[in-house]
């Protein structure tokens, strides 16, 4: 597997509607691995099914799943996603590689901050318990985020997804031992701080993602995103890192393989 690795996407609904064409388009664009991310009970169960379906397909990227509860939905409690996680792990088929996405979002605050912190702490505990990677969502909540992580302990393989901070925040993530994942935001004209952060992030800790169907990169901004557009993110990272696109493709795929403990 020498292609691109989309470390974070939400292709569940599109996969169901188009029969997997979204992954066929990804394969045509050179993506050979993806992690499909859950944000609650239903989407986590769908992510597991996408991962299993990828193993039945004759072609297209291999998929893995993350099971989690997004901070927007934290007030629902973690019982549903715990049920999905337990069932999926009991099957012992290796499709679940992470807990998440989970974390804190104080920009929208769709769930109360207390509920967000509780759900985040519980999911950190699940990552520790099952020795899975942890996928974190963080927006406008850095201090509380690191407070909870310090209290619960940072899992050995932790990914800060869709990084939106700057140099100070990326240094905090790296000091905590995290992998840092950059999305299409890095291509946006006003994302100067994000690009400065990427410049500081070592390639062996740098992942790339689409976060599809959200955040389509320039020049496709404004349309639904999908894994096939990942190379546009990689090209911008290469510009920032002053290296070749091939180096970013290879290094980011290796970093994602390490973060999620999947075969290279």
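Treating r as the C-beta distance of residue 83 and residue 131 and R0 as 25 Å, the FRET efficiency rounds to 0.80. For the pair residue 27 and residue 254, label points projected 7 Å from Cα toward Cβ lie 2.7 nm apart. One decimal place: the segment residue 203-residue 223 gains 4.3 nm when fully extended, by the rule 0.36 nm per residue minus the C-alpha distance. Compared with the direct C-alpha span, the chain from residue 142 to residue 55 gains 27.6 nm at full extension, assuming 0.36 nm per residue.
Note on residue 109 and residue 121: the extension gain reaches 2.6 nm, defined as 0.36 nm multiplied by sequence separation minus the Cα-Cα distance. A simple spin-label model places the labels of residue 214 and residue 17 1.7 nm from each other, with each point 7 Å out along Cα-to-Cβ. Going by neighbour counts of Cβ atoms within 10 Å, the residues 15, 106 line up, fewest first, as 106, 15. Each distinct pair of alpha carbons in the chain adds a 1/r term; the inverse of their mean, the Kirkwood radius, is 17.9 Å.
The smallest convex shape that holds all Cα atoms of the stretch 37-176, its convex hull, gives 106 Å³ per residue. Note on 36, 162: ascending count of other Cβ atoms within 10 Å places them as 162, 36, the fewest first. Note on the stretch 224-264: Kirkwood hydrodynamic radius from all Cα pairs is 10.9 Å, rounded to one decimal.
Values in this text are rule-based calculations from the coordinates and carry no lab data. All figures in this text were calculated on a predicted structure; none of them were measured in a lab. Ideal geometry is used to build each Cβ from the backbone, glycine not excepted, and the neighbour counts take in all protein chains shown.
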